[in-house]
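Comments concern the structure below.
The values are calculated or read from the model by the stated rules, or taken from the named source; none is laboratory data. All values reported here derive from a predicted model rather than from experimental measurement. Reconstructed Cβ throughout: ideal geometry from the backbone, glycine too, with neighbour counts over all protein chains shown.
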Amino acid sequence: MNFKNILVIRNDRFGEFLLNIPAMRALKELYPQAKLTLAVNSAVCELAGAVECVDAVVVWDEVKGNLRKYKFDLCVVLNPTKEAHWAVFWAGIPARVGYDRKWGILLTHKLKDTKHQGMRHEVDCNLELVGLLGAKTFDKTLKIKIDNNLFREFIVQDRGQSPLGTVPFLLVAIHPFTSDLVKQWPTERFGELAQRIQRELGLKIVMVGRVEDRGQSPAGTVPSSDGIINMINKTSLVELAALLKRCSLLISCDSGPMHLAAAVGTPVIALFRNDLLGKTALRWGPWGEGHIVIESSSLNDITVDDVFEKVKKRLFRPPLADSQ
């Protein structure tokens, strides 16, 4: 069937949203002449506009009760909810694709949801879902289009001598929070790590992210230093993307900024627990090449030394041997 007006629903947090970009791209490649509309929550709306294969972005809470007027002929529900399944059924959308749970009986094309088993990456799971339509893509990156001029004033252009060799650098970003406290490395260790990178490697540090109302606090996380820039709670998502794009590295637990860094091509050192079924790096780790994952059954067992050694390994490469 040649669909002309496609709705894709992914109305949860921005990290999960980013991992659906390859699936959206696959749909657009299968139906290049179709209009692809993405329904997201309001906090993700601006960032969703940076996905190049998407033609329009709407806020789910504003359109869910009146989908019929848009005359969509295909809908893909990427995160299953009873509300979304009922809304697309009630709107009379002819083809409705999603997971066979939470009133999946209302869908016309459905897939058994095994993602919670954590046996493969979320990106691959999302591609399998749109694969019900025959959609596929060779470009499985998370790339988004971000204005390079954003946050230009925070770019550090410096070249420093290090015992590990000469290296050009911009910034090292640290995101010290996570939305799920069971996946949180102690925030004071992020502060210690920032000081050590700045002191021993001579690199500038930028602390990023937002403090959620989950008992977290930036206190003790951002040490006072001329070499440490505090950007916590000071950026929108697209501004954060622009800033991460100009960084040499992001250090983070499992988080939205971790996926955002991967989307703009910045390497990540990610700290993960490996004992939580469905929450390990196998499913949620940074997507793409060049990233480093440090795993343990207890994040308290990961020391500042452990992470610092990985920072050196990722940022500093030994000089090439003289070919003469």
| Which one of the conditions (1) over 19 Å from Leu203 (Cα atoms); (2) modelled with pLDDT under 95 does Pro257 fail to meet, given that it meets all the rest? | (2)
| message | When the residues of the range 222-259 are narrowed to those that are part of a loop (DSSP other than H, G, I, E, B) and closer than 23 Å to Ile294 by Cα, which ends up nearest to the chain's Cα centre (by Cα)? | response | Ser255
| task | Give the range 54-100 a look and list any residue that's of a type in the set (D, E, K, R) and free of Cβ contacts under 8 Å to residues at least 60 places away in the same chain, or say none. | result | Asp55, Asp61, Glu62, Lys64, Arg68, Lys69, Lys82, Glu83, Arg96, Asp100
| Residues of the range 71-89 being farther than 21 Å from Lys4 by Cβ and in contact with a Lys or Arg (Cβ under 8 Å, 6 or more places away or on another chain), which ones? | Asn79, Pro80, Thr81, Lys82, Glu83, Ala84, His85
| task | Give, as residue ranges, the helices (runs of 4 or more DSSP H) completely inside the range 45-93 that count at least 2 residues that are in contact with a Phe, Trp or Tyr (Cβ under 9 Å, 6 or more places away or on another chain). | result | 45-48, 82-90
| task | Please enumerate the residues belonging to the range 260-290 that are more than 13 Å from the chain's Cα centre (by Cα) and either closer than 23 Å to Lys145 by Cα or β-branched (Val, Ile, Thr) (or both). | result | Ile269, Thr280, Glu289, Gly290
| query | Yes or no: Trp103 assigned by TED's automatic domain parsing to the domain that holds Arg10, under 23 Å from Gly278 (Cα atoms) and without any contact (Cβ under 8 Å) to a residue 24 or more places away in the chain? | reply | yes
| query | Quick one: is Val59 over 30 Å from Leu240 (Cβ atoms), out of contact with any Asp or Glu (no Cβ under 9 Å at 6 or more places or on another chain) and buried (at least 16 other Cβ atoms within 10 Å of the Cβ)? | reply | no
| said: Looking at Arg199, Arg214, Arg246, Arg273 in this structure, which one is at pLDDT 95 or above, of a type outside the set (A, V, I, L, M) and surrounded by fewer than 24 Cβ atoms within 10 Å (Cβ to Cβ)? | reply: Arg273
| From the list Leu282, Leu299, which residue is at pLDDT 95 or above, more than 27 Å from Gly191 (Cβ to Cβ) and in the same structural domain as Arg189 (by TED's automatic domain parsing)? | Leu282
| query | Can you name the condition, by its number, that Glu16 falls short on among (1) within 20 Å of Gly134 (Cβ to Cβ); (2) out of contact with any Phe, Trp or Tyr (no Cβ under 7 Å at 6 or more places or on another chain); (3) not in a loop (DSSP other than H, G, I, E, B)? | reply | (1)
| field | Odd one out for Ala26 among (1) in contact (Cβ under 8 Å) with a residue 40 or more places away in the chain; (2) surrounded by fewer than 17 Cβ atoms within 10 Å (Cβ to Cβ) | value | (2)
| field | Considering residues of the range 276-320 that are small (Gly, Ala, Ser) and touching a strand residue (DSSP E or B) at 6+ places or on another chain (Cβ under 6 Å) only, the residue surrounded by the fewest Cβ atoms within 10 Å (Cβ to Cβ) | value | Ala281
| query | Pick from the range 13-23 the residues that are more than 9 Å from the chain's Cα centre (by Cα) and of a type in the set (A, V, I, L, M): which of them is surrounded by the most Cβ atoms within 10 Å (Cβ to Cβ)? | reply | Ile21
